[in-house]
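What follows is a single structure, written as structure tokens, with notes after it.
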């Protein structure tokens with residue numbers, strides 16, 4: 001198995017993290033990823049009914065623990081709603097890892113670190129990565145322009161951003177945005193990352209609760225099959241190129257204000273696509289890695305295949321260097 005500083009810090013066997021997928025990062029998927037040697041995560045602030053409560057999160061954590069004894073994480077997307085009550089649950093439950101994404105992590109760091117919980121934060125720029133390190137994050141997840149869902153505002157590719165961050169911070173870097181197989185994993189390691197985070201690839205797995213139509217759309221999508229929405233709101237996000245996404249883009253082109261756009265972007269719209277499979281009337285987040293997805297395997301098969309692909313890539317590199325791996 002591939003070992004890096006990330007696997008040592010998190011206590012996992014494979015340097016692969018599952019992203020905090022809204023409405024999809026539930027116990028069955030998270031536990032499957034962790035049981036297969038990666039780090040699975042549940043998303044605290046986007047449980048299916050949007051009526052998140054401490055009891056709901058506690059039940060989800062318990063559901064993961066019934067399925068696996070391996071390390072797992074709880075993801076908090078900042079800025080959508082208050083997280084203090086939910087964070088109290090995660091801390092009280094002594095979850096192994098907490099990931100903070102989409103906002104300023106500073107107000108929550110001390111509580112997490114005092115509980116002895118590993119802290120990961122998301123960064124979409126070098127400045128954010130350095131801030132994460134200064135706050136005491138155990139690792140930083142660096143997301144580039146290729147990623148799905150909400151991204152940074154600078155349109156910097158993963159290839160450039162990961163290398164820039166890895167050369168500038170001392171904590172482990174996790175590369176995110178554009179990864180779907182073991183060849184990408186080796187590329188990330190070559191850039192100085194200690195592992196990868198995948199979101200879109202894990203949507204198209206057996207254990208994912210995504211609707212079969214969403215999974216099939218990812219299998220059929222080309223690398224050009226996504227668009228960026230919400231630029232006009234200052235929070236760009238990448239989604240499948242669907243009729244609904246085109247409707248959002250048309251509204252933005254007409255300079256529709258936030259009040260007119262929010263109904264097109266509500267959580268119910270995302271759930272309609274992700275859970276009900278209505279891609280014509282829903283927004284389905286996806287990264288450019290969709291172009292690399294050709295099947296819907298069980299999580300364990302996917303991670304085993306990734307490791308075999310990584311070994312193959314490393315053998316090619318060793319041969320190019322004129323020595324056996």
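The values are calculated or read from the model by the stated rules, or taken from the named source; none is laboratory data. What you see is a predicted model; the values in this text were computed from it and never measured. All Cβ positions, even for glycine, are placed from backbone atoms using ideal geometry, and neighbour counts span all protein chains on display.
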The stretch 265-290, subset touching a strand residue (DSSP E or B) at 6+ places or on another chain (Cβ under 9 Å) and in a helix (DSSP H, G or I), residue farthest from residue 178 (Cα to Cα): 265
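Looking only at the stretch 102-124, how many residues end up being assigned to a strand (DSSP E or B) and surrounded by 24 or more Cβ atoms within 10 Å (Cβ to Cβ)?
At the first step, the residues of the stretch 102-124 found to be assigned to a strand (DSSP E or B) are 118-123.
From what is left, the residues that are surrounded by 24 or more Cβ atoms within 10 Å (Cβ to Cβ) are 120-123.
Number of matching residues: 4.
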Enumeration of residues in the stretch 134-166 that are closer than 14 Å to residue 288 by Cβ, touching a strand residue (DSSP E or B) at 6+ places or on another chain (Cβ under 7 Å) and outside any loop (DSSP other than H, G, I, E, B): 143, 149, 158
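Which one of these is touching a residue at least 24 places away in the same chain (Cβ under 8 Å), part of a helix (DSSP H, G or I), more than 26 Å from residue 152 (Cα to Cα) and out of contact with any strand residue (DSSP E or B) (no Cβ under 8 Å at 6 or more places or on another chain): 314, 303, 261?
On the way: 303 fails: out of contact with any strand residue (DSSP E or B) (no Cβ under 8 Å at 6 or more places or on another chain); 261 fails: more than 26 Å from residue 152 (Cα to Cα).
From the options 314, 303, 261, the qualifying one is 314.
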Test result for residue 45, touching a strand residue (DSSP E or B) at 6+ places or on another chain (Cβ under 9 Å), surrounded by fewer than 21 Cβ atoms within 10 Å (Cβ to Cβ) and either in the same structural domain as residue 299 (by TED's automatic domain parsing) or on the phi < 0 side of the Ramachandran plot (or both): no
Selected residue [in a loop (DSSP other than H, G, I, E, B) and in contact with a helix residue (DSSP H, G or I) (Cβ under 6 Å, 6 or more places away or on another chain)] from 227, 248, 296: 296
Complete set of residues in the stretch 74-94 that are more than 15 Å from residue 56 (Cβ to Cβ) and touching a strand residue (DSSP E or B) at 6+ places or on another chain (Cβ under 7 Å): 77, 78
Residue count, the stretch 2-38 (criterion: outside any helix (DSSP H, G or I) and either at positive phi or in contact with a strand residue (DSSP E or B) (Cβ under 9 Å, 6 or more places away or on another chain) (or both)): 20
